Each structure stands twice: as C-alpha cells, then as structure tokens.
1. Please specify each residue of the range 263-320 satisfying the condition of being part of a strand (DSSP E or B), touching a Gly at 6+ places or on another chain (Cβ under 9 Å) and surrounded by 16 or more Cβ atoms within 10 Å (Cβ to Cβ).
2. Here is a check on your reading of the model: is ILE435 under 30 Å from ASN303 (Cα atoms), free of Cβ contacts under 8 Å to residues at least 40 places away in the same chain and among the aliphatic types (A, V, I, L, M)?
3. Name the one entry in GLU259, GLU244 that is outside any loop (DSSP other than H, G, I, E, B), of a type in the set (D, E, K, R) and over 30 Å from ALA309 (Cβ atoms).
4. If a residue must be more than 22 Å from ASN340 (Cα to Cα) and exposed (fewer than 13 other Cβ atoms within 10 Å of the Cβ), how many such residues does the range 383-436 contain?
5. Within the range 100-109, work out how many residues are closer than 19 Å to SER161 by Cα and surrounded by 14 or more Cβ atoms within 10 Å (Cβ to Cβ).
6. Working only within the range 41-55, note down all residues that are part of a helix (DSSP H, G or I) and under 24 Å from ASP111 (Cβ atoms).
7. For the range 405-437, how many residues are assigned to a strand (DSSP E or B) and over 46 Å from the mean Cα position of the chain (by Cα)?
Amino acid sequence: MRALVLLTLVLVLILTSSLAVYYMNRDSDNDGIPDIKEREYGTDPNKPNYLLAYALKKLPENEALRFKNVDFDESSKELVDLYASLPQDKRNSKEVNMILDNILSDNRVDDPEKNLFDDRFVNPTLPSIVNLSWTPTRENLDKIYDINVTFTARDDKTPISYAELRFIPVEYTYMIEKYGMRPEDYPKVFPPDKERNFVLTPVDGKFDSLEEKFSVPIKDIVGGREYKIVALVRDLAGNEKMVEVKTPYIRQFENFGKELYDKGIIVAAHYYNWYTPGQGIPKDLPDKPLLGLYYSDDNIVFNKHVDWATGHGINVFLFPYPYHNPKVAFIGLEKTFKKNMEADLFNQIKFSFCSTFLDETGKPPPYNFDNPEVKEAFVKAVEDLISNYTSLPNYWKVDGKPVIVTWSTHAYQSKEGNIKDAFEKVGSNKDIYIIGE
C-alpha cells in the first residue's frame, strides 16, 4: 500500500513538473517567445512578435525590448542588425538613443530611416559633388564681370540636406616676402574683393532627394587675381563633403589692346622675361616695381603684366628669343618662355621675338654674314622660330605674315650680299614680315 502511495506521488510530481515546464515554455503564437515572457514584456501572447524575437537573439533583453511593438519586415530587421553591430558604449550614447527613439516612435521602420541610422552611426558614407564648374555670364573684351556656378550633389543612402558655396579671392602676400613688394602697394596690385558666401537652395526648390542640383550667380567680380570656388554639401546623416576648384586669373581691366588690334592699331612693347633667380635682377635700384623684384617665371606676375599692358592699349609683347642651347647669352630663356606660355592670359596678347638671332655664335658685333658660321647660325635660329612658334594663334602677324624683329641690324655686315641671301633663305619656305631695329 505504501509503495502504491509513493508511486502515485511520484507520478503527480512528474505531471506537475511537466505541466510547469509546458506552461513556462508555452508559445501560443509560435513567434519564439514564451507566453509567460510575453506577459512579462507586456506583449500579446496570441499575436506574433517576430521582430522582438529576432532582437532578443541579437541584443540584451533590455535593449531588445525597444523593438517590441515595431512591425516586422526587412527594414526593421536590418535596423536591429545595424543597432546590434554598434559597440555597447555607442549604443548607450545619447545621440544614438535619440535617433533610434525617433525612428521607432511610429512602430514602423522604412528604408530611409534605416539608411539614415546606417549612414550616421554604422557605415558613414560621404556625399559627392560632381561637375563643379562655372561659366561667364557677363563679359566684355576678355574681362569677366559675372559668372554662374553649377554643381550636383549626390548621396547613396540619405538625402542631401544642406549646401553652401564660397567664392574666395586668392591672395598673393608671398610677393611681399619673396620679392620685397611694399605692403602699401599690395592693394594697388591686387584690388580688394570681398569673399562671397551663399547658403543654397536646390534648383527644384527643396531638399528632398539623394541628388540635388545647384546654380549660383556671382556678380560684379573685381578681378586682377584668381578665385577659389568652394562647395560644401551635407546629407541628412550629417556627413559632409567639400570640393574646391580655382578659376584661372580673371582680368581686372578690359582688353583695350585687343580692341585696338582689331582696328589695325599695333602697340608693341619689349617684354624682358629674363628676371629669374640668379639672373638679371638688379639689386641697387632707386625704386622698386610695384610687384617688387619679381621672377619672370612666376605666371601670376606674367598674368598681371598682360592684364596691365593690354588693359592700357599694348597688344604685342616682343620677347627676347629663347635659344634652345645657348652658349653665351640669355641662359634659361627657353624654360622661362615655355612657363609663360602656360599662363592664363598668354593667349590674350600677341607676341613675337626680337633678337640678333646670332647670340649662340658667341661672337660680338659687328656680325659678318660673309662668315658661313654667322650666316648659318642666323638662318637656323630664324627657321627654328618659324617652325616652333609662328603657328600659334596669338603669334603676331601683319597681312597674314608672321613678324620677326631683328635687333642691331646696323651691325649686320656683308660685302658679298650674304645678308640679303640669308633673309631670302629663311623666307623661302614661309612668307615672313621682318622689322629691323
């Protein structure tokens, strides 16, 4: 009898335990969360809560419960993954919690919200700025007064939310230290112009897209320098991108020399570009140029000279001829001239060369053309000039003929007609216009 009672008690205990285990693990809605836990969480045991179940596998319970009332879909599931991927200290940060609370406030997660969280905290990606460019909108005689700047901002994840543009005059204060320019002369050389800052609105009138286009008019440019155009954009996640371009040298003066040239009025000036370190820079001057004791291979200097010269009617520069392999005189002129050819305003003035075309002989005047070495050196120098430079669009021409200016022609000598023969020889392959000084 006692044995039967004990067996009955054991069976009752087993049944009770089984019922307890069943009750503890019962999951009425088959969402993976026991009913008892759902009652503890305050959720409905009969309504599946798949997102909470997923979050409980990824996060501590107290953090997973933030998702308990949120609709389950791919976006909300991915948001859980993104949140769980953050270090604990970052998940505890005020900023993360504020953004997450805002996203979950309506109990649903859409792709833009998920992308915002990703872009801000997990995998930040910068927006891009493409096709930042400018075009003149008001121009006269090569002088640009107004421009229009355009660019496009793009982002792969979150919409563009802010854009600004800065138009900044470039300064050249290095000339004060490097060339000894007098500080009081600086504003005479580089007339002051203000920096312009623009907070932008997209062309379509509002920030609401992953791609926004911008168009910015800039008016009344003083010129006499280069300018930096700086575009900055920010996406909704707070990621910023900045791109900068620099304009070419923008003239201060209209090209009056061009106007005269088109009317057939030629105003030519010698332009000596031999002032380079260690070469030809006078030290004991009673006064200094406005630019200081400048270097001729500085193209801001060259642009400034062209701007001033053409702005006041000069339309041709006569350079010393840049011999390729100088033996005696004008060392380095070819290198300097090629550097000047890269200047922004080089094509806004006509040019030619003035030379004896005999400096490489190393012979002092008078130049005896009856000496074959002298005659051949002259012919070679002029033919090199013709082949290397006269095809350039801004080479000085008269009646369609490229101009060559000969220096010290009074020192050309010949008893056998070799001067005429030399000139005829260089003109046999190309009709040229020769001016003798």
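The values are calculated or read from the model by the stated rules, or taken from the named source; none is laboratory data. The shown structure was predicted, so the numbers you read here are calculated from the model rather than taken from an experiment. FYI the Cβ positions are ideal-geometry reconstructions off the backbone, even for glycines, and counts take in every protein chain you see.
1. THR276, VAL316, listed by residue number.
2. Judged against the criteria, ILE435 is a match.
3. Exactly one of GLU259, GLU244 is outside any loop (DSSP other than H, G, I, E, B), of a type in the set (D, E, K, R) and over 30 Å from ALA309 (Cβ atoms), namely GLU244.
4. Total meeting the criteria: 12.
5. 1
6. TYR50, LEU51, LEU52, ALA53, TYR54, ALA55 - these are the residues of the range 41-55 that are part of a helix (DSSP H, G or I) and under 24 Å from ASP111 (Cβ atoms).
7. 3
To keep it simple, each residue is scored yes or no on (1) acidic (Asp, Glu); (2) at pLDDT 95 or above; (3) in the same structural domain as TYR261 (by TED's automatic domain parsing).
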{"position": "LYS327", "(1), (2), (3)": "no, no, yes"}
{"position": "SER352", "(1), (2), (3)": "no, yes, yes"}
{"position": "THR356", "(1), (2), (3)": "no, no, yes"}
{"position": "ASP384", "(1), (2), (3)": "yes, no, yes"}
{"position": "SER428", "(1), (2), (3)": "no, no, yes"}
